[in-house]
Structures are given as C-alpha cells and as structure tokens.
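Visitor: I am attaching a structure below and will ask some questions about it afterwards.
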Amino acid sequence: MPELAYSLPPGLDVHLVPAPTRVSPSIGGGGCVVDEDTRIETTGPGAERVARWLRAAVGAATGLPLPSADDHGNRVLLRIVPGLEEELGSPEAYRFTADGHDVVIDGASEAGLFRGAQTFRQLLGPEAFRRAPVTGKRQWEVPAVTIQDAPRFRWRGLLLDVARHFMPKDGVLRYLDLMAAHKLNVLHLHLTDDQGWRLEIKRYPRLTEVGAWRARTRFGHRASPLWEEKPHGGFYTQDDIREIVAYAAERHITVVPEIDVPGHSQAAIAAYPELGNSDVIDTTSLTVWDDWGVNPNVLAPTDTTLRFYEGVFEEVLELFPSPFVHIGGDECPKDQWRRSPAAQARIKELGLADEDELQAWFVRHFDTWLTARGRRLVGWDEILEGGLADGATVSSWRGYAGGITAARAGHDVVMCPEQQVYLDHRQDGGADEPVPIGYVRTLEDVYRFEPVPPQLTPEEARHVLGTQANAWTEVTEDQGRVDYQVFPRLAAFAEVAWSALPAPAERDFSDFERRMVAHYRRLDALGVAYRPPTGPLPWQRRPGVLGRPIEGAPPNV
C-alpha cells in the first residue's frame, strides 16, 4: 500500500479530492495553458475513448474544441503505458505531469487513464464541471505539478436504493457521473424490495405490471402518522438497464445488481402469489408494501420459487456483465417458515437443523447456480447464519463483526457497516436535521472511517476487497433529498476508499476541510444539493416529519 504524501510546497495548492498518493511541483516551472490551440493526442488501446469523454466533458464547460490533431499549439497527451501497473501497484494507477507546455497523463490501463482525466478536470478549476461555458475565459491554466496516484481498494462503491423510492434513469446516469468525479468504481443498484420491483423481466411481466407500483407511501419513518396518498413507482426497461450499464462502463464503473431473496420480497409475492408461503397466509391478498421496516412475508422454500428466480437471474445475467451479483439474504424473518408445513417438510427432506440452515440452503443454491455461470454471489452478512456458501462474498453491514468472521474463514468482504457509512443516517444531532435516522455521522466521522478492522492479520485483510457507502431511500423521496444525505459525506468516503490515508486518529481532517472549500464549488457547478457545512437550508428541512434517531449508540465494532 503506498504511503500518502499529500504535502505541498508553499504556493502550490491544488485542492484535489480524493487526495492523490503523491504531488510535487514539476521541474519545468510555470503552469500549462489550455486554450483554443490545445489538442488532445492519444497513445495505446482505449486511450481515444478517454479522449472522447474528455472532449465532451471539459469541452462543454470550457468551449474549447480540443481537436485530436493539429500542427501547432500545446497538447494534452493521453497514454496507456505498459509496466505502469507493476510500478504503481494497480490497473487504475496513473501519472500526471504538467510541465509548462504539455499535460501528459499516463495510465496503467484505460481505467487508470480515465482516473487521471478526472484529476485533470479538477485541476482546471470548479467551472470545468459545468455543462456550458459561463466565464468567458479564453484560456485555462493547469498548475505545474507531477502526480503519482493509485487506489487503495479495488471495490469503491455506492449503493443506491431505487426500490423504496424509484430514481428515474436520468438520475442514475447523473449519479454515475458524480461517482466518476470522485473516482468510485462500483454502483450497487438495489433493484427489488417489499416496496417495489424496479427491473423489467420479460418472462414475468407482472413483476413490473404489479410489483413496480404501490398505492401510497408513508412520509417519514415507521412512527410517522403522515402518508403521501398517491401511487408511487416506476421501473427500468431492459433497454434502460443496457444504457445504464454502458454509461457506467464508459466511466469504468461496474454496476452490481441486487435481487433480494428470500426476504424483502413482498412486491414479488404480490405479483406472483405462488412465491409466498400460501399454506400459512393468504398470499393472494398481498399488495406492494406501503410501509417501512422488516416485512414478515418471505419467499417459500419451494422448487417453484427456485425455478422462478433462476428465470429472473437468467435475464439479470444477460443485462449485467458484472462478475458479482447481489442476492440480499438479509432480514428474513423465519416465523412463516416455522408455521409452514411445506417449509418444515423441506427442512426434514434436506436434513437441516433449523430455519437458519434453510436460509443458508437457499443462498447456497444460488451460489452454486451463479458459480456455474461464471459469476460470484454477494450477500449481506446474514448469509453467514446457518453456514456460508463456498464462493460467497459478504457485504458486512451490521458492524465489522460479519466481515471479520468472513475474512477469517477465507471469504472476500466488502465493508459497509451501518454505524459508519449508511448515508441515510443523520449528519448532525440538531433539531433542523431532516427526518433524522440512526446514528449521527458527521463529515469528519466518515473521513475517519477505517474499512480494514485492526483485528485481521495481513493475510486475512487481503480478503477485504474494499468498501461501500449505502444510501437507503425510505425517507429520501426525491433527488434533492438523496443529494442532501449523500453529499458532502461521499467526498470524504471517496478519499477513504481511494487514498492511502494514515490511521483514523492521525488523519488531517483540517486539510480535508480546506480542500473541500474548492470541492463545494465543484459540487455547486454539478448542481448537487449537498448539506452545507453550516447546516440545512430552509427548504432542506422537514419539520414535523418523524424519523428514527438512535441516541448515544456507540459504533458496533
């Protein structure tokens, strides 16, 4: 792991977020001008794709043509350099040099080159993040710096819960751009839950005809007496998903789909009642759930259910090339299985000890099924209960404990503990915080989050693929509310995930705050409705809407 060396000489302050591994002044002296004569040249397979993105993004903001070839003027040279991965330790590594005449960005791969292009955009200044020229500037300047940079983790993720409140396709594309600007590389798309099914499955059209819509929605958390008395819903067509996946791939982001089994499934059961435990409840009376919390209506452990979801996953695999597929596996109450003669007969038939082992059997079935098709199963840490499937990767959300157990057993882990990086949790303890949920986790708290538990040995720690921030949407009903909860804390999380920071207590949060002054201007240019450092703006508050604050609860480490 590279040592962080973000120390700048006097007069050289580039305000980069996330912080790169090493920054130093270039030997050549003065900054590099980018103007109407600047051209972009490329070397290596894939470099031209990065150049196209750069022309579109930076060209839109600056109004500069940035042609691919010319015989005069300065240049931005994009190169994919064999051997740079070995030198800097990651395929996403890059080296950036601005020497007074040219800007040279060397990438260990196309992904690394793209990360370097993001740094170039930051160095041009906040106005480079706009979609059209607003300054009247005829030339832009990049400071004379040399940067060597590589990520700490290979999995740097954000979960968007589009099941509880649907986010239209354009909103997902926007978040992919925001992720790319912060060098994040995994979008975990939570597509199904009790409150809605968001993915078109051609084999089972009722999943979206019925399962994508609920009649009303509770406004606030479970204790709130308020209701929004209008239908809510939406779904992505398969062409929408292909567009999202392609858009993400251009930004070197992997989209990991989540299809929940065997819990969080009432929307699916409402569409196809035979999926539920019909021997103990009237599944034909179920509708898409309009409330929040842990739902008792779970999938029946039958061959019918297995075959149904195999059909679902067959279409999922056609749409998502991600090596990882998330199956949920969390918060599956066992009461219906305990009362169900069919479930009890299944336990006896399989020689299982109890309902926990029945859930483990369910997970193992899909682990085997996905493995046979060249994919890897990911599930929340409840999949540890009753025995973990051989090839499963664990998303550790109930603190660090599940991730520690999984890593010690030789399983890969993505660290996303609720107590540190659930971004739906409140950012302050003040009365003006809208719909306060869970723990108070400030910008500094997120900045001091450490994904690798100190209890792990170096060998065990290698199983920590990385980390992920989760944005659940029970009380974030629109884009502005999602923005408020996610930003600016996602910028701090991105630095944790990318940069080789020291131990949490030794991190220089004051330096991060100083760099955030410029970064807030980038977020302004991108139209992000973030939480200001001084607290919510009047229109960001939700007075009188009850949340679920947890007072004084320490992190569960």
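Visitor: What single numbered condition from (1) in a loop (DSSP other than H, G, I, E, B); (2) modelled with pLDDT of 95 or more fails to hold for ARG514?
Guide: If we test ARG514 against (1) in a loop (DSSP other than H, G, I, E, B); (2) modelled with pLDDT of 95 or more, just (1) comes out false.
Visitor: Answer yes or no: is there a residue in the stretch 254-267 that is closer than 23 Å to GLU310 by Cα and free of Cβ contacts under 8 Å to residues at least 40 places away in the same chain.
Guide: Checked against the condition, which is being closer than 23 Å to GLU310 by Cα and free of Cβ contacts under 8 Å to residues at least 40 places away in the same chain, the stretch 254-267 yields no hits at all.
Visitor: In the stretch 280-339, what residues are of a type in the set (S, T, N, Q) and under 20 Å from TRP380 (Cα atoms)?
Guide: Hits for the stretch 280-339 are ASN295, ASN297, SER322.
Visitor: Please work out if ASP412 is acidic (Asp, Glu), within 19 Å of PHE153 (Cα to Cα) and over 16 Å from the mean Cα position of the chain (by Cα).
Guide: Taking the combined requirement at face value, the residue satisfies it.
Visitor: Moving on to the next point. Output the qualifying pairs, or none if there are none: Cβ atoms under 9 angstrom, residues six or more apart or on different chains, first residue in the stretch 172-197 and free of Cβ contacts under 8 Å to residues at least 12 places away in the same chain, second residue surrounded by fewer than 24 Cβ atoms within 10 Å (Cβ to Cβ) and among the basic types (Lys, Arg).
Guide: The qualifying pairs do not exist here.
Visitor: Right, next: Of all residues in the stretch 346-381, which are in a strand (DSSP E or B), of a type outside the set (A, V, I, L, M, F, W, C) and buried (at least 23 other Cβ atoms within 10 Å of the Cβ)?
Guide: GLY379, the sole residue that qualifies.
Visitor: Okay, moving on. Just checking, which of ARG75, ARG49, ARG79, ARG55 is of a type in the set (D, E, K, R) and in contact (Cβ under 8 Å) with a residue 40 or more places away in the chain?
Guide: Selected residue: ARG49, the only one of ARG75, ARG49, ARG79, ARG55 that is of a type in the set (D, E, K, R) and in contact (Cβ under 8 Å) with a residue 40 or more places away in the chain.
Visitor: Taking the criterion of being in contact with a Ser or Thr (Cβ under 6 Å, 6 or more places away or on another chain) and not acidic (Asp, Glu), would at least one residue in the stretch 171-178 satisfy it?
Guide: no
Conditions (1) more than 22 Å from THR119 (Cα to Cα); (2) in contact with a helix residue (DSSP H, G or I) (Cβ under 9 Å, 6 or more places away or on another chain); (3) not in a strand (DSSP E or B), marked per residue:
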{"site": "THR467", "(1), (2), (3)": "no, yes, no"}
{"site": "ALA491", "(1), (2), (3)": "no, yes, yes"}
{"site": "ALA494", "(1), (2), (3)": "no, yes, yes"}
{"site": "LEU523", "(1), (2), (3)": "no, yes, yes"}
{"site": "ALA529", "(1), (2), (3)": "yes, yes, yes"}
{"site": "PRO533", "(1), (2), (3)": "yes, yes, yes"}
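Visitor: Could you please give the count of residues in the stretch 108-124 that are outside any helix (DSSP H, G or I) and either free of Cβ contacts under 8 Å to residues at least 60 places away in the same chain or surrounded by 24 or more Cβ atoms within 10 Å (Cβ to Cβ) (or both)?
Guide: Going through the stretch 108-124 one residue at a time, the tally reaches 1.
Visitor: Next question. Return the residue satisfying two criteria in turn: it lies in the stretch 68-96 and is surrounded by 15 or more Cβ atoms within 10 Å (Cβ to Cβ) and within 24 Å of ARG130 (Cα to Cα), and of such residues it is modelled with the lowest pLDDT.
Guide: ASN74
Visitor: Within the stretch 3-24, can one find any residue that is modelled with pLDDT of 90 or more and either acidic (Asp, Glu) or more than 30 Å from the chain's Cα centre (by Cα) (or both)?
Guide: Checking the stretch 3-24: at least one residue is modelled with pLDDT of 90 or more and either acidic (Asp, Glu) or more than 30 Å from the chain's Cα centre (by Cα) (or both).
Visitor: Report, by residue number, each residue of the stretch 292-309 that is closer than 18 Å to GLU357 by Cα and in a helix (DSSP H, G or I).
Guide: ASP303, THR305, LEU306
Visitor: Looking at GLU418, is it at pLDDT below 95 and acidic (Asp, Glu)?
Guide: No.
Visitor: Right, here's the next one. Is there a residue being buried (at least 22 other Cβ atoms within 10 Å of the Cβ), outside the structural domain of ARG222 (by TED's automatic domain parsing) and in contact with a Ser or Thr (Cβ under 7 Å, 6 or more places away or on another chain) anywhere in the stretch 497-512?
Guide: Yes; the residues of the stretch 497-512 include at least one that is buried (at least 22 other Cβ atoms within 10 Å of the Cβ), outside the structural domain of ARG222 (by TED's automatic domain parsing) and in contact with a Ser or Thr (Cβ under 7 Å, 6 or more places away or on another chain).
Visitor: Can you tell me which of (1) surrounded by fewer than 24 Cβ atoms within 10 Å (Cβ to Cβ); (2) assigned to a helix (DSSP H, G or I) is the one ILE269 doesn't meet?
Guide: All conditions are met except number (1).
Visitor: Restricting to the stretch 382-401, count the residues that are assigned to a helix (DSSP H, G or I) and modelled with pLDDT under 95.
Guide: 3
Visitor: Right, here's the next one. Residues of the stretch 211-256 being out of contact with any Lys or Arg (no Cβ under 7 Å at 6 or more places or on another chain), crowded, with 17+ Cβ neighbours inside 10 Å and more than 21 Å from PRO323 (Cα to Cα), which ones?
Guide: GLY211, TRP213, ARG214, THR217, ARG218, PHE219, GLY220, listed by residue number.
Visitor: Just to verify a result, which residue in the stretch 406-455, among those that are hydroxyl-bearing (Ser, Thr, Tyr) and surrounded by 18 or more Cβ atoms within 10 Å (Cβ to Cβ), is farthest from HIS165 (Cα to Cα)?
Guide: Filtering first and then ranking leaves TYR447.
Visitor: Follow-up question, since we're still on this one. Output the qualifying pairs, or none if there are none: Cβ atoms under 7 angstrom, residues six or more apart or on different chains, first residue in the stretch 220-241 and not assigned by TED's automatic domain parsing to the domain that holds ILE437, second residue surrounded by 13 or more Cβ atoms within 10 Å (Cβ to Cβ) and not hydrophobic (A, V, I, L, M, F, W, C).
Guide: none
Visitor: A follow-up question, please. Looking only at the stretch 348-374, how many residues end up being out of contact with any Lys or Arg (no Cβ under 9 Å at 6 or more places or on another chain) and within 25 Å of ARG398 (Cβ to Cβ)?
Guide: Qualifying residue count for the region: 8.
The values are calculated or read from the model by the stated rules, or taken from the named source; none is laboratory data. Small disclaimer: the values here were computed from a predicted structure and weren't measured. Here Cβ is always computed from backbone atoms with ideal geometry, including for glycine, and neighbour counts include all displayed protein chains.
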